[in-house]
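Colleague: To start, I am sharing the structure in question, which I have written as C-alpha cells.
Derivation of every value follows stated rules applied to the coordinates shown; laboratory data play no part. Given the structure is predicted, the values throughout are model-derived calculations rather than measurements. FYI the Cβ positions are ideal-geometry reconstructions off the backbone, even for glycines, and counts take in every protein chain you see.
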Amino acid sequence: MSLFFIASGYLDKGLRDWSEFKPWLIKRFKQLLILYTSFIILITIYKIFVELIKGNGFEWISKNVLNLVLGGNYVSGWFSIFWFVTCLFATQILFAIIHISLKSNSARFLLIGIFYLFARVEARLVSSYDIYIPWNIDVALFTIVYYAFGYYLRIFIYTIFYNKLIS
C-alpha cells in the first residue's frame, strides 16, 4: 500500500492557496467518498442477500451497520479492502492543509516528520489498548510521508528533466 500512496502523491498537482481548497475538497469528496459509499451499499445489499439465505441476515445487519459507517479498522471481511479510501481522503486533506499553510519546504518536511513520529507513538498506544480510530484517520499520519515523497519526487524529476531540456 505504500506504493499506492506514493503514486497518489506523485499525481497530486498541489494547491497554491486557500481559494482553491473548497472546490478541490468537494471534488475529492465526490471522487472518493461517493464512490466508496456506493460500493459499500452495493456490497452490503449483496451480503444481506447472502446472509438471509444462510438464515442470519438481520442479525448481520444489526452487528455491522455501525462498523460500515465508522470504516477503517471497524470493517472486516468483504469490506476490509476499503480502509485505504477514507485514509487516502484524510491524507490528501492533511497534505493540502500543510501545503497551503506552510510555504517553506523545510517547515513542511519538519511537520510531516513530526506527524510520522507522533503516529509511531500513537500506533503503540492504540494497539496496546485496542482502540480503533474511525476511517483510519490516524494512519494518515503515516501515509502522509509516502504521499509527500511521491509529490516531491514528481517535482524533483520534473526539475531535472526541465533543466536538461533548457541546457
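Colleague: I need to check one value: relative contact order of region 61-129, counting alpha carbon pairs closer than 8 Å and at least 6 residues apart, in percent.
Modeller: Values: 20 pairs, mean separation 9.8, N = 69.
Over region 61-129, the number comes to 14 percent.
Colleague: To the nearest 10 degrees, how steep is helix 83-101 against the longest Cα principal axis of the chain, on a 0 to 90 scale?
Modeller: 30 degrees
Colleague: Using alpha carbons only, how many degrees (0 to 90, rounded to 10) separate the axis of helix 105-129 from the longest principal axis of the chain?
Modeller: Result, in degrees: 20.
Colleague: Counting only pairs 8 or more places apart or on different chains, how many lysine pairs in the chain have C-alpha atoms closer than 25 Å?
Modeller: Taking the chain as the scope, the lysine pair count is 11.
Colleague: Contact order normalised by length for the chain, with contacts defined as Cα pairs under 8 Å and 6 or more residues apart; what percent is it? Kindly include the intermediate steps, with their values, before the conclusion.
Modeller: Working: 151 pairs, mean separation 64.7, N = 167.
Value for the chain: 39 percent.
Colleague: Another question, then. Quick check for me: using +1 on Lys/Arg Cβ and -1 on Asp/Glu Cβ, what's the dipole size of the chain about its Cα centre, in debye to the nearest 20? Show your work: numbers first, answer last.
Modeller: On the way: 15 positive and 8 negative charges, 104 e Å.
Result for the chain is approximately 500 debye, rounded to the nearest 20.
Colleague: Next question, about the same structure. For the chain, take the longest principal axis of its alpha carbons; what is the angle in degrees between that and the long axis of helix 35-54, to the nearest 10 within 0 to 90?
Modeller: That helix lies at roughly 20 degrees to the long axis.
Colleague: For a test of the definition: using alpha carbon positions, the gyration tensor, and the 1.5 limit on a/c, classify region 16-59 as rounded, prolate or oblate.
Modeller: Here region 16-59 falls in the prolate category.
Colleague: Among TYR36, PHE82, ILE97, flag the residue with its Cα farthest along the positive direction of the charge dipole of the chain, charges on Cβ as +1 for Lys/Arg and -1 for Asp/Glu.
Modeller: Among TYR36, PHE82, ILE97, the one farthest towards the positive end of the dipole of the chain is ILE97.
Colleague: Need one word for the chain: rounded, prolate or oblate. Basis is the Cα gyration tensor (sqrt eigenvalues a ≥ b ≥ c); a/c below 1.5 gives rounded, then a/b vs b/c decides. Please list the in-between numbers first.
Modeller: Details: a/c = 2.63, a/b = 1.91, b/c = 1.38.
Taking the square roots of the gyration eigenvalues as a ≥ b ≥ c, the chain is prolate.
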